[in-house]
Amino acid sequence: MAITCVGVLGSGIMGSGLAEVAARAGFKVIVRSRSQATADAVRTSIDKGLVKGIERGRTTEDERTAIIGRISTTEHLADLAGCDLVIESVVEDLAVKKALFTALDTIVRPGAILATNTSTLPVIDLAMATSRPESVCGLHFFNPAPAMKLVEVIRPLTASDETMAAVTEFAGTCGKDAVEARDRAGFIVNALLFPYLNNAVRMWEQGTASIEAIDTAMKGGCNFPMGPFALLDLVGLDTTVSILDALYEEFRDPHYAAMPTLRRMVSAGQLGRKTKRGFFTY
Ligand SMILES: NC(=O)c1ccc[n+]([C@@H]2O[C@H](COP(=O)([O-])OP(=O)(O)OC[C@H]3O[C@@H](n4cnc5c(N)ncnc54)[C@H](O)[C@@H]3O)[C@@H](O)[C@H]2O)c1
């Protein structure tokens, strides 16, 4: 199953990162957003990054021309018809994603793979919204996609071995380490990471140690690059609560029940770095 042309649905932070990763790896990429302007903005921002790369000596002018030349943009879903792989990376909303998968199924050539970058939603629900559940899987990239090495390759009950092999090879060509996981909320990384972050908040609420002490302890004691509170602020507390809610909904495990402080901070608009205030002030 040869992949040469990759469609990317969504022009957010992940859609943009995915388009860059695939174009850098030599794939022809079509970015589709709901408006031509936002699709074009993805191409422009990737180009800006490439120009910075040239200034820093990390990219050449020839590489820039080649990478940007492989990226086209559109607002029409129909333009994805000839893609071999489409990666959906729109808002984390099951109804929106299901409707897109149903529409893609009628547009994209038979046999092409439809993948989702969802962090928490059941991939099987997207597979069953199409007439080709054997060709649907998850491809979970991490943020920022160009820098992060890992891709979780998610196998819903219906995916064929051919589909899984093709997307695993695609991730490898993109220079990523692919690991396969079953279709469970949180997959591997988020299912392990978010109870840890939630428990750090619990430990602080119980008065075991200060925020600063917990961060210092986990950096020095585990060699983690940042402590749990700095990471919570980076991820965003709203995103954290929605991932914990998805995990709790799936497993009903109390370790996944978001600590009250997290919800109160979200209500207060203290979401972390993006609002300049979370557990720390920026
Ligand atoms: N941000 C992360 O750290 C991260 C990491 C891995 C995976 N993800 C997943 O990637 C996906 C996209 O996340 P993001 O962080 O890029 O979000 P984002 O908010 O930056 O972008 C969301 C995109 O969805 C589009 N969109 C919104 N409503 C839509 C609709 N009704 N129909 C079509 N498009 C619509 C927006 O225009 C935007 O282009 C989500 O499924 C998310 O769970 C995010």
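The values are calculated or read from the model by the stated rules, or taken from the named source; none is laboratory data. Keep in mind it's a predicted model, so treat the numbers as computed, not measured. We place every Cβ from the backbone using ideal geometry, glycine too, and count neighbours over all the protein chains shown. When the accessible area is computed, the model is the full protein with side chains, heavy atoms only, and any ligands, DNA or RNA have been set aside. Shrake-Rupley method; radii C 1.70, N 1.55, O 1.52, S 1.80 Å.
Points to keep in mind about this one:
- Positions within segment 114-173 being open to solvent by 10 Å² or more (accessible area, probe 1.4 Å), away from the ligand (no atom under 16 Å from the Cβ) and β-branched (V, I, T), in sequence order: T130, T158, T168, T173
- Filter pass, A230 being of a type in the set (A, V, I, L, M), surrounded by 14 or more Cβ atoms within 10 Å (Cβ to Cβ) and in a loop (DSSP other than H, G, I, E, B): no
- Filter pass, F187 being open to solvent by 70 Å² or more (accessible area, probe 1.4 Å) and either among the basic types (K, R) or assigned to a loop (DSSP other than H, G, I, E, B) (or both): no
- Of the residues examined, A99 is one that is of a type outside the set (K, R), in a helix (DSSP H, G or I), within 11 Å of the ligand (Cβ to nearest atom) and surrounded by fewer than 19 Cβ atoms within 10 Å (Cβ to Cβ).
- Of all residues assigned to segment 24-31, at least one qualifies as being under 25 Å from T168 (Cβ atoms), within 13 Å of the ligand (Cβ to nearest atom) and surrounded by 16 or more Cβ atoms within 10 Å (Cβ to Cβ).
- Members of segment 120-169 found to be in a loop (DSSP other than H, G, I, E, B), closer than 22 Å to R109 by Cβ and more than 19 Å from the chain's Cα centre (by Cα), listed by number: M128, A129, T130, S131, R132, T158, A159, S160
- Residue match in segment 77-89 (condition: farther than 14 Å from L139 by Cβ, assigned to a loop (DSSP other than H, G, I, E, B) and either open to solvent by less than 30 Å² (accessible area, probe 1.4 Å) or away from the ligand (no atom under 15 Å from the Cβ) (or both)): yes
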